[in-house]
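Read through the structure below, which is laid out as structure tokens, and then see the notes.
The values are calculated or read from the model by the stated rules, or taken from the named source; none is laboratory data. Fair warning: this is a prediction, and the values are worked out from it, not measured in the lab. In this analysis, Cβ positions are derived from the backbone assuming ideal geometry, glycine residues included, and neighbour counts consider all displayed protein chains.
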Amino acid sequence: MNLITYDDIIETYLRIRQRGSSFLLSKINLFPSKRTISSFSSDMQRSGWWSVPLVYKRWNEIITGNPEITYEKFFVEKFLDSKTNVSLLSLGCGEGTREMHLASNPIFSKVTGVDISYSRIKSANLRAKENKLDNIFFICNDVNNLNINQEKFDVILFDNSLHHFKNVVKLLPSITSKYLKNNGFLVVNEYIGPKRLQWSDIQINYTNNTLAEIPEKFRTRYLTKSIKNRFTGPGLIRMFVSDPSEAVDSENILPALRKYFEPIYEKFYGGNLLMHILKDIAHNFYEQNEETKSLLTKLFMIEDELINIEKKSLMMFGIYKNAQ
């Protein structure tokens, strides 16, 4: 583990260029939760590796068997097909896009989203009102001290939020015992890799070797003229200063899920290479032409090779029930 890395220096400089001096000031805040909230910027979504259409289709195919079917559609059709009046609680919902999509399905009588960011919850409530969704509610609350005046839910969802919580071995049974029905589903779409994003040497080496093979025009960092030539991963100091909650207990997510719940369905969809390679340069792969398709296909093959070597995945999707 490194305290400071090359990526810390270059990415801090680039974030100031991309988001202005207010970004730096937001990281000086003495309250860890405030620094966490400041890490989520809708302006930076285009640089996120998860936003590349072909990457998203790859995940769909691994999770559902069909590149055009999302995990939400798969879950609803396969596990909730004969149900009505379904209630769902989403913890760490952000701006609620996924939750609103679910709420538009008539099988859901009530969808409740919870997030620590007031601005994101405010935005979510406004959009829900604009879309005339009267079965969805967004609440600004800290999941660690959650208190909802509501009977138990049929479904609890963590979508890329569980890795932001400490002590998941304690949190998961605490939340589900209070809010999940005995026959309810726990749905998890999560990062389960190393704590604090401290990558393995083989991942760093694979990333740098592969990065060198990508044409320069596809390595321009978002909103800058900087070319991505090297990858080291973050140091521990930046992880704590930038977002103290990031991957704080991620390695314990899968063991905790399997300890307290019965796995109904699990799929592991990688990220071992793509997360590193596409960071800050994902926008260059949005356009689906022959060149980008060819490059991404090659990246997918290299990631599969790396996963086979490491025998583990950074990302997973799972559906669970309370262990009897």
So, in the stretch 235-272, how many residues would count as being modelled with pLDDT of 95 or more and among the hydroxyl-bearing types (Ser, Thr, Tyr)?
4
The stretch 279-312 - residue that is of a type in the set (A, V, I, L, M, F, W, C) and farther than 24 Å from GLY65 by Cβ and, of those, nearest to the chain's Cα centre (by Cα):
ALA282
Could you give every pair whose Cβ atoms fall below 7 Å, whose first residue belongs to the stretch 99-117 and is within 19 Å of ILE69 (Cβ to Cβ), and whose second residue is surrounded by 23 or more Cβ atoms within 10 Å (Cβ to Cβ) and not hydrophobic (A, V, I, L, M, F, W, C), counting only separations of at least 6 or pairs across chains?
GLU99/SER90; GLU99/GLY113
Which residue, of LYS73, LYS110, LYS83, is assigned to a helix (DSSP H, G or I), of a type outside the set (Asp, Glu) and on the phi < 0 side of the Ramachandran plot?
LYS73
What number goes with the only condition from (1) part of a loop (DSSP other than H, G, I, E, B); (2) surrounded by 13 or more Cβ atoms within 10 Å (Cβ to Cβ) that ARG120 does not pass?
(1)
Number of positions in the stretch 87-123 that are touching a Cys at 6+ places or on another chain (Cβ under 7 Å) and within 18 Å of VAL155 (Cβ to Cβ):
4
Out of SER245, SER177, SER226, SER200, I need the residue that is out of contact with any Leu (no Cβ under 9 Å at 6 or more places or on another chain), of a type in the set (Ser, Thr, Tyr) and farther than 30 Å from SER90 by Cα. Which one?
SER200
Just checking, which of GLU68, GLU99, GLU77 is modelled with pLDDT of 95 or more and surrounded by 14 or more Cβ atoms within 10 Å (Cβ to Cβ)?
GLU99
Restrict the check to the stretch 189-203 and report whether at least one residue is in a loop (DSSP other than H, G, I, E, B), modelled with pLDDT of 95 or more and either over 21 Å from GLU310 (Cβ atoms) or in contact with a Cys (Cβ under 9 Å, 6 or more places away or on another chain) (or both).
no
Looking at the stretch 219-230, is at least one residue without any contact (Cβ under 8 Å) to a residue 24 or more places away in the chain and β-branched (Val, Ile, Thr)?
yes
When both residues are 6+ apart or on different chains and their Cβ atoms are under 6 Å apart, which pairs have a first residue that lies in the stretch 304-315 and is farther than 14 Å from LYS267 by Cα, and a second that is among the hydroxyl-bearing types (Ser, Thr, Tyr) and surrounded by 14 or more Cβ atoms within 10 Å (Cβ to Cβ)?
LEU306/TYR206
Could you please tell me which pairs satisfy a Cβ distance under 6 Å, a separation of 6+ or placement on different chains, a first residue in the stretch 198-216 that is under 13 Å from GLY233 (Cα atoms), and a second residue that is modelled with pLDDT of 95 or more and of a type in the set (Gly, Ala, Ser)?
TRP199/GLY233
Name the helices (runs of 4 or more DSSP H) wholly inside the stretch 236-300 in which the number of residues that are in contact with a Lys or Arg (Cβ under 8 Å, 6 or more places away or on another chain) and in contact (Cβ under 8 Å) with a residue 12 or more places away in the chain is 3 or more.
236-242
Suppose we filter PHE153, PHE138, PHE165 for residues that are under 11 Å from GLY94 (Cα atoms) and surrounded by 18 or more Cβ atoms within 10 Å (Cβ to Cβ); which single one remains?
PHE138
Search the stretch 155-170 for residues that are closer than 26 Å to LYS83 by Cα and pair each with any residue that is of a type in the set (Ser, Thr, Tyr) when their beta-carbon atoms are under 6 Å apart and the residues are at least 6 apart or on different chains.
LEU157/SER90
If THR224 satisfies every condition in (1) in contact with a Phe, Trp or Tyr (Cβ under 9 Å, 6 or more places away or on another chain); (2) of a type in the set (S, T, N, Q); (3) farther than 26 Å from LEU162 by Cβ but one, which is the exception?
(1)
When the stretch 170-195 is checked residue by residue, the ones that are touching a Phe, Trp or Tyr at 6+ places or on another chain (Cβ under 8 Å) and of a type in the set (D, E, K, R) are LYS181, GLU190
